[in-house]
Amino acid sequence: MTSSPGRRRAAVVGTGAIVSGGHLPALRAHTDRVELVAAVDVDPGRLDAFRTEAGEGVTGFSTTEAMLAAVRPDLVLIGTPPSLHREQTVAALKAGAWVLCEKPLCLSLAEYDEIAAAEAASGAYASVIFQHRYGSGAVRARELIRGGELGAPLVAHCQTTWHRDAGYYSVPWRGRWATEGGGPTTGHGIHQYDLLLHLLGEWEEVQAMAARLVHDTESEDVSTALVRFAGGALATVVNSVLSPDEVSRVRVDCADATVELTHLYGHTNDDWVYTPAPHVPQERAAAWREAGEDVPSSHTAQLGFVLDAWDAGVRPPGSGREARSTLEFAAALYKAAFTGRAVRAGEIRPGDPFYEAMHGGVGETWSGVGRA
Ligand SMILES: NC(=O)c1ccc[n+]([C@@H]2O[C@H](COP(=O)([O-])OP(=O)(O)OC[C@H]3O[C@@H](n4cnc5c(N)ncnc54)[C@H](O)[C@@H]3O)[C@@H](O)[C@H]2O)c1
């Protein structure tokens with residue numbers, strides 16, 4: 001197997017919807033820095049269709065192990081159902097490859113800590129795909145909020161109100177604790193609250209509720225949370241797949257401005273609106289809207305950041321503490337919903353049932369309404 005000099009050699013594991021629609025365009029956009037040399041899928045029909053779409057030079061495999069042994073890729077992009085992410089990420093890390101894996105990176109904090117141990121042993125890194133962090137509008141908003149330019153963050157809303165029908169949940173891995181890891185909390189709203197955490201920093205305490213109101217699933221189809229951040233800000237989070245009028249929204253009210261993002265599955269600079277407080281001069285507010293070149297949030301944008309980190313020889317964004325913090329927030333939301341009490345950052349440790357599984361061992365007995 002030959003490859004062009006100077007380019008990273010990449011493999012994709014899983015050739016379904018998101019790899020075809022997100023990872024392949026990203027690899028094509030960065031073709032000067034990375035080349036796709038292999039693809040893995042257990043479904044030969046999907047694999048063949050993907051290889052036809054991807055073009056020449058992509059060798060097909062039916063298992064990750066066979067691909068890793070034959071190809072020794074530099075980078076593995078994973079887009080399989082969530083229950084496979086841990087084992088495939090660990091295998092790739094052990095083979096010395098960097099990993100860019102779809103969300104959720106894994107099903108529990110226990111699984112995350114296995115990935116962290118594999119990272120430490122290999123020296124390679126595993127990042128999770130949260131593409132909305134990497135659009136230029138989000139980069140700008142974070143710079144302004146974390147740099148103090150908008151004043152202290154005080155109140156935030158984080159809303160993922162999407163709609164999914166019964167056909168969507170007829171896919172066997174969806175809506176099951178063991179295969180998807182949860183409902184819209186781990187599968188859909190996780191994009192928006194990951195962005196909220198990215199903008200506001202460390203969270204301190206979560207209270208929450210979850211319910212299964214419509215779908216024939218094991219996990220919830222709606223959850224809501226109240227959050228206190230370490231800096232003092234209070235936030236609400238809604239994760240729904242029951243909402244006919246679909247929208248994704250993150251709004252942060254700071255002392256000097258409200259910043260609000262409204263989009264659905266991806267944002268551009270124009271989706272970010274800054275409203276100054278009455279005491280703020282217009283010239284100062286005008287500067288906030290200068291986000292530079294418009295880079296839409298996308299897998300392409302995130303892959304660029306990962307390749308930059310590789311070139312610089314540093315830990316890539318979306319890995320390590322950043323990846324764990326979002327997963328810990330999900331675990332805390334479920335623990336708060338299922339126990340009916342506030343959960344503090346850091347309290348879910350080995351020995352806690354919510355460390356081992358998002359449902360804390362009560363998934364099968366949960367009635368779908370109220371505490372487990
Ligand atoms: N970042 C985003 O915006 C976004 C959007 C959609 C889905 N996702 C995530 O992407 C992942 C996949 O979702 P999807 O909608 O593309 O699913 P999908 O069912 O369309 O694709 C999954 C693919 O994995 C293959 N597969 C199953 N077992 C495998 C194995 N052992 N080895 C190799 N391949 C195997 C399947 O045959 C299928 O082709 C999920 O984690 C999902 O949450 C992310």
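The values are calculated or read from the model by the stated rules, or taken from the named source; none is laboratory data. Note that the structure is a prediction, hence the values are computed from the model and not measured. Quick reminder, even Gly has a Cβ in these numbers, built from the backbone with ideal geometry, and neighbours come from all protein chains shown.
Kindly evaluate V247 against the criterion of being modelled with pLDDT of 95 or more, outside any loop (DSSP other than H, G, I, E, B), within 18 Å of the chain's Cα centre (by Cα) and under 25 Å from W272 (Cα atoms).
Criteria met by V247.
Quick one: which strands (runs of 3 or more DSSP E) lie wholly within the range 47-122 and hold at least 1 residues that are surrounded by 17 or more Cβ atoms within 10 Å (Cβ to Cβ) and more than 9 Å from the ligand (Cβ to nearest atom)?
Answer list for the range 47-122: 75-78, 98-101.
Taking the range 275-284 as the region of interest, how many residues are surrounded by 16 or more Cβ atoms within 10 Å (Cβ to Cβ) and in contact (Cβ under 8 Å) with a residue 60 or more places away in the chain?
Residues that pass the stated criteria total 0.
State which residue is farthest from the ligand (Cβ to nearest atom) when the search covers only the range 206-233 and only residues that are farther than 23 Å from G363 by Cα and assigned to a strand (DSSP E or B). Write out each step before concluding.
Step one: list which residues in the range 206-233 are farther than 23 Å from G363 by Cα, which gives 227-233.
Those still in the list that are assigned to a strand (DSSP E or B) too: 227-229.
On the way: V227: 22, R228: 28, F229: 25 Å.
Once the filter is applied, the top-ranked residue is R228.
Could you tell me how many of the residues in the range 151-167 are more than 21 Å from Q192 (Cα to Cα) and in contact with a strand residue (DSSP E or B) (Cβ under 8 Å, 6 or more places away or on another chain)?
Within the range 151-167, residues that are more than 21 Å from Q192 (Cα to Cα) and in contact with a strand residue (DSSP E or B) (Cβ under 8 Å, 6 or more places away or on another chain) number 1.
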